[in-house]
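Presented below is the structure to which this report refers.
The values are calculated or read from the model by the stated rules, or taken from the named source; none is laboratory data. Keep in mind it's a predicted model, so treat the numbers as computed, not measured. Virtual Cβ from ideal backbone geometry, glycine too; neighbours counted across all protein chains shown.
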Amino acid sequence: MAMANEELSTEQLLEAQAHVWNHIFNFINSMSLKCAIELGIPDIIHKHGKPMALSELVALSNISKTKALHVHRLMRILLHSNFFIEVNMSNNDKEEERYWLTPASRLLLKDAPLTVAPFVLLVLDQILTKPWHYLGEWLANDHHLSPFKMTHGMMFWEYAEHEPRLNNLFNEAMCSDTRLVTSVLFENQKIKQAFEGIESLVDVGGGIGTMAKGIVDAFPGMKCIVLDLPHVVAGLQETNNLTYVEGDMFQTIPPADGVFLKWILHDWDDEDSVKILKKCKEAILGKGGKVIIIDMVVDIYEGGDEAMEDQLFFDMLMMTLLNGKERSEKEWAKVFTDAGFTSYKITPAIGARSLIELYP
């Protein structure tokens, strides 16, 4: 093992420099991806219906013709990041390289049912990227709840309430994620069993009801209530088995057999999470009721290194933008116990996220 004062070999020095450079410039992958979405590049290639030459891509886009020579540079890094592939095709006896979609870029199609493009545009928006510049300063002082508040003078939820563009970005991103989660959630029989037998369910912080709609579609006999802040649920259309309630989960939660929390508790610190779960416990009707949580459990996941790294990324995201965290099973267990629950069950089933059943 090399000591701190030990000189590096030339090979070690260059490897170390490459490692540092790779992390310095990792943001370029993210911003190149955002650029491709804003220009509609995945959609243009998809609508073309077959691998597309660079000249065709430029001609059918709103890219300035004076910048056409630069587009191959953008596509080159997106090829390297596996968002597109190159296909060699003959055209009038001439070999021509053309671009085609990968499974990842199909998730970037703006009108695709399971698009994640809104999530990309939210996380990489200037409102959310600026606080990262204050992370070091925030860690060095005692005065701010989050780097986001240090940057913008208010917490994320306050900002979203007063800034319609951020509120819309957030709602669209959460809806897109929920559609993807719903599409795979009930394909897993273990997950589906967690909802069986529940006649009434309240979706806490359920936004505009995308998840609730997916649940009642899967369980037509279930009554579902979406609880969220007034500016979120105002004017939304109700159905026979789906209703919306304006409210604050820290104050009261409508009574139901089950309480559902998708990606809610990681937004909050342990103290606030305990407060929310105590309100959930108060809302549960009968002895057979429970709380169902979809959230990350650090070190429990499906998939390889990318899923593990995603958990670490999200933990830093929660620290920087909100006042939350991603929790290990031990940390979750303490929160559950402090909130007065007796037992829980974790089922890894949604990539980096798990489904947790929590019993009073």
Those residues of region 217-232 which are at pLDDT 85 or above, in contact with a strand residue (DSSP E or B) (Cβ under 9 Å, 6 or more places away or on another chain) and not aromatic (Phe, Trp, Tyr), in sequence order | MET222, LYS223, CYS224, ILE225, VAL226, LEU227, ASP228, LEU229, PRO230
Positions within region 274-293 being in contact with a Ser or Thr (Cβ under 9 Å, 6 or more places away or on another chain), part of a helix (DSSP H, G or I) and either closer than 21 Å to THR347 by Cα or without any contact (Cβ under 8 Å) to a residue 40 or more places away in the chain (or both), in sequence order | LYS279, GLU282
Selection count where residues are modelled with pLDDT under 95 and surrounded by fewer than 19 Cβ atoms within 10 Å (Cβ to Cβ), scope region 98-123 | 5
State which residue is modelled with the highest pLDDT when the search covers only region 36-56 and only residues that are exposed (fewer than 15 other Cβ atoms within 10 Å of the Cβ) and within 21 Å of HIS70 (Cβ to Cβ).
-> GLU38
Of the conditions (1) part of a strand (DSSP E or B); (2) at pLDDT below 95; (3) surrounded by fewer than 16 Cβ atoms within 10 Å (Cβ to Cβ), the single one that ILE85 does not satisfy is (2)
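Within region 313-329, can one find any residue that is without any contact (Cβ under 8 Å) to a residue 24 or more places away in the chain, assigned to a loop (DSSP other than H, G, I, E, B) and small (Gly, Ala, Ser)? So that I can check it myself, show each step before the final result.
Taking region 313-329 and keeping what is without any contact (Cβ under 8 Å) to a residue 24 or more places away in the chain, we get 313, 315-316.
Keeping just the survivors that are assigned to a loop (DSSP other than H, G, I, E, B) gives none.
For region 313-329, residues without any contact (Cβ under 8 Å) to a residue 24 or more places away in the chain, assigned to a loop (DSSP other than H, G, I, E, B) and small (Gly, Ala, Ser): absent.
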Confirm whether GLN126 is more than 27 Å from VAL259 (Cβ to Cβ) and surrounded by fewer than 18 Cβ atoms within 10 Å (Cβ to Cβ).
-> yes
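Okay, residues lined up against (1) within 26 Å of PHE119 (Cβ to Cβ); (2) of a type in the set (A, V, I, L, M):
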{"residue": "ALA256", "(1), (2)": "no, yes"}
{"residue": "GLU271", "(1), (2)": "no, no"}
{"residue": "ALA283", "(1), (2)": "no, yes"}
{"residue": "LYS287", "(1), (2)": "no, no"}
{"residue": "ASP295", "(1), (2)": "yes, no"}
{"residue": "PHE313", "(1), (2)": "yes, no"}
{"residue": "MET318", "(1), (2)": "yes, yes"}
{"residue": "SER328", "(1), (2)": "yes, no"}
{"residue": "GLU331", "(1), (2)": "yes, no"}
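Taking the condition at pLDDT below 95, closer than 30 Å to HIS231 by Cβ and within 16 Å of the chain's Cα centre (by Cα), does PHE170 pass?
Values: at pLDDT below 95: yes; closer than 30 Å to HIS231 by Cβ: yes; within 16 Å of the chain's Cα centre (by Cα): yes.
In short, yes.
Matching residues to (1) under 18 Å from the mean Cα position of the chain (by Cα); (2) surrounded by fewer than 20 Cβ atoms within 10 Å (Cβ to Cβ); (3) in the same structural domain as VAL291 (by the TED database); (4) in a helix (DSSP H, G or I):
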position: GLN193; (1), (2), (3), (4): no, yes, yes, yes
position: ILE198; (1), (2), (3), (4): no, no, yes, no
position: GLY221; (1), (2), (3), (4): no, yes, yes, no
position: LEU236; (1), (2), (3), (4): no, yes, yes, no
Selection status of ILE198, among the aliphatic types (A, V, I, L, M), in contact (Cβ under 8 Å) with a residue 60 or more places away in the chain and touching a Phe, Trp or Tyr at 6+ places or on another chain (Cβ under 8 Å) = yes
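This table checks each residue for (1) surrounded by 20 or more Cβ atoms within 10 Å (Cβ to Cβ); (2) in a helix (DSSP H, G or I).
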{"position": "THR178", "(1), (2)": "yes, yes"}
{"position": "VAL181", "(1), (2)": "yes, yes"}
{"position": "LYS190", "(1), (2)": "no, yes"}
{"position": "VAL226", "(1), (2)": "yes, no"}
{"position": "TYR244", "(1), (2)": "yes, no"}
Mind listing whichever residues of region 246-262 are buried (at least 19 other Cβ atoms within 10 Å of the Cβ) and either in contact with a helix residue (DSSP H, G or I) (Cβ under 8 Å, 6 or more places away or on another chain) or in a helix (DSSP H, G or I) (or both)?
-> MET249, ILE253, ALA256, GLY258, VAL259, PHE260, LEU261, LYS262
